Structures are given as C-alpha cells and as structure tokens.
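To keep things clear, I will list the structure first and then write my remarks on it.
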C-alpha cells in the first residue's frame, strides 16, 4: 500500500492534549490474580466486551458514538495499568465500560485525568460500531483481524495515528 493511501484513508489525527476518563488497575495484582505475563490482557478482554455491548446498544446515541481509547502504565512508579477514553463520552457509555471493568482483580478507581500528564497512548478507536486498532506497522494498515484473544466477536481494522499538533506545526512550516 502506498504511503499516500495510508495517509489519506487510514490515518487518524489525535490531540496530544485532552481530558480523559480513566480506569486504573494495579499491575502486580492483575499479573498474579490472572497468572499471565501480559497483565493488560484481562482488562482488554473486558474492554472488548464493553465495546461489543456499546455496538449492540438499542440506544442510537450510545451505539453511534466515536471515541479514542488510550492505554498505558501510569502512577508515581508506573505501578498502574490504565484505560482512558475522552471525558466527553455520555454517562451511559461510561456505565457500560465501568460495569465490565469494575469486577476485575486489581481494579483501583475511575477518575478524570489529562493527557499528557497521564502518559497513555492511543490504542483503539470506537467509531459507530466499528473498532480500529492503531499500529506502527504499515504492512498491517487497512487489514482486518478478529479479536481472537478476547472472543467478543469484534472485527478490528488496523490504522495509524499522528499527533494533531504535529500536523499543525508541519502545516505552518510548509506555508512559509
């Protein structure tokens, strides 16, 4: 696939600065409770179950919402694993996500945060029932995969993301 096609069809521009709703989990408890090396896996499984519920909602304002999902380690010593979504989602979506995440061993809290103060990166995007996974591997861009690790029955398409602020800066450079 040509770089121009990737740029035009499969690139999302995401702001480096935004307010997010944040679900936090103790990484050590996740790892020991689920006996898994990939401590984020139990959280991602429940996240995908929540996304499946959102995509099947009878409520159009829930089902047809668009939001980016951020993941990463945070805390004073990076002892927490966190999932974040835009703080502008409606309360029904946050209830669905919380309902799926709050029973996970290691669940700590839900709170508001700000990127970049909370060092999370874009990992997924929910867009009107479609789920996209961000990758840096251009050979994957535009291709689909099943969420086989989480068995929610969702089909994901690979995309890439760029900093929205970086694009603004590039645009200013070219206009001089």
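Coordinate-derived values only; no laboratory data. Here the structure is a predicted model, which is why all the values come from computation and not from measurement. When we count neighbours, we look across all protein chains shown, and the Cβ atoms used for this are built from the backbone with ideal geometry, even at glycine.
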For the modelled label position 7 Å from the Cα of residue 144 along Cα-to-Cβ, which residues of region 2-25 have backbone nitrogen atoms closer than 17 Å? 10
Could you work out the helix-only [θ] at 222 nm for the chain, with each DSSP H run of four or more residues adding -39,500 (n - 2.57) and the total divided by the number of residues, to the nearest 500 deg cm²/dmol? -9000 deg cm²/dmol
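Tell me, rounded to the nearest percent, the portion of alpha carbon pairs in the chain spaced more than 21 Å apart.
On the way: 7954 of 15400 pairs.
Percentage above 21 Å: 52.
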Evaluate the distance, in nm, between pseudo-label points positioned 7 Å from the Cα of residue 4 and of residue 41 along their respective Cα→Cβ axes. 4.3
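Sorted from largest to smallest, which semi-axis lengths in Å does the alpha carbon gyration tensor of region 23-123 give for its equivalent ellipsoid, taking the root of 5 times each eigenvalue? Provide the component values of the computation, followed by the final result.
On the way: eigenvalues 107, 52, 21 Å².
The answer is 23, 16, 10 Å, longest axis first.
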Can you tell me which of 58-68, 3-13, 115-125 comes out highest on packing, and rank the rest after it, using the mean Cβ neighbours within 10 Å? 115-125, 58-68, 3-13
Given labels modelled 7 Å from the Cα in the Cβ direction, how far is it in nm from residue 109 to residue 130? 3.7
R0 of 25 Å, Cβ-Cβ distance residue 137-residue 163: FRET efficiency to nearest 0.05: 0.85
